Amino acid sequence: MATGSESETTTSRRRPRVALREVTPNDAALLETWQSSEFDELGPRDEELLAARVPSFRLLVVRNDDEPVGYVTWRRVRYGPNRESRAWNIGVSIIPSARGQGYGTEAQRLLAVHLFATTDVNRVEAATDVANLAKQRALEKAGFMREGILRGAQFRAGSWHDLVYFSLLRKETLRRGP
Ligand SMILES: CC(C)(COP(=O)(O)OP(=O)(O)OC[C@H]1O[C@@H](n2cnc3c(N)ncnc32)[C@H](O)[C@@H]1OP(=O)(O)O)[C@@H](O)C(=O)NCCC(=O)NCCS
């Protein structure tokens, strides 16, 4: 799967500068490099979560010249027991040398549009630390709406952190268009 064609998705009417593509076995070494250098303050994962095998999905963010510059992830969240109450929670990571050029914004927008196109959810959401202003700005530029604060929700680097939630609804993606 690759998504990012001009007619499909972009944050503006100009040509997209990044696309999303599947991870292939050839990307293993690159991903390992990224992971070992990545800042991970979350500590060991909860065994209950690992045992539940909650699937999370990932696509690479690649520039027009095919250079990978990061990845997007998504996982299922639920707000009720029925199918209609399912949503996607997305994440993004852009390598330090490629930040500040609009790629994070575009990648999140591409992923949201892809998820609306390929699944029947009504809501795509994202959360980040209240201190992560770059992520918040990138979400806003991608069309997400700021919803509110979850106080003391995430334990990281030795203390509890407030998270800010953003979302994009299906009808908002349609209204905004390519
Ligand atoms: C957050 C992240 C994905 C953003 O990607 P990016 O490609 O740099 O984002 P963009 O260039 O599309 O947009 C970033 C915006 O944030 C702004 N910004 C950057 N640092 C900022 C800061 N400290 N304070 C306020 N705004 C800031 C930029 O100016 C830009 O806005 P502008 O276009 O209006 O000037 C990227 O920085 C990243 O991967 N960070 C590390 C991982 C991470 O935090 N992931 C999210 C975890 S929830």
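Does the range 102-120 hold any residues that are under 19 Å from LEU59 (Cα atoms) and surrounded by fewer than 20 Cβ atoms within 10 Å (Cβ to Cβ), and which are they?
The first filter runs over the range 102-120 and keeps only residues under 19 Å from LEU59 (Cα atoms), leaving 102-119.
Within the range 102-120, GLY102, ALA117, THR118, THR119 meet the criteria.
May I ask you to list the residues in the range 97-113 that are under 11 Å from LYS141 (Cβ atoms) and not hydroxyl-bearing (Ser, Thr, Tyr)? Reasoning before the result, please.
Residues of the range 97-113 under 11 Å from LYS141 (Cβ atoms): 102, 104-106, 108-109.
Within the range 97-113, GLY102, GLY104, GLU106, GLN108, ARG109 qualify.
Residues that are closer than 26 Å to THR33 by Cα and modelled with pLDDT of 95 or more: list the helices (runs of 4 or more DSSP H) wholly contained in the range 67-178 that include at least 1 such residues.
103-118, 133-141
Looking only at the range 20-66, count every residue that is surrounded by 14 or more Cβ atoms within 10 Å (Cβ to Cβ) and in a strand (DSSP E or B) and tell me the total.
9
The values are calculated or read from the model by the stated rules, or taken from the named source; none is laboratory data. Being a predicted model, the structure only gives us computed values, none of them experimental. Backbone-built Cβ (ideal geometry, glycine too); neighbour counts: all protein chains shown.
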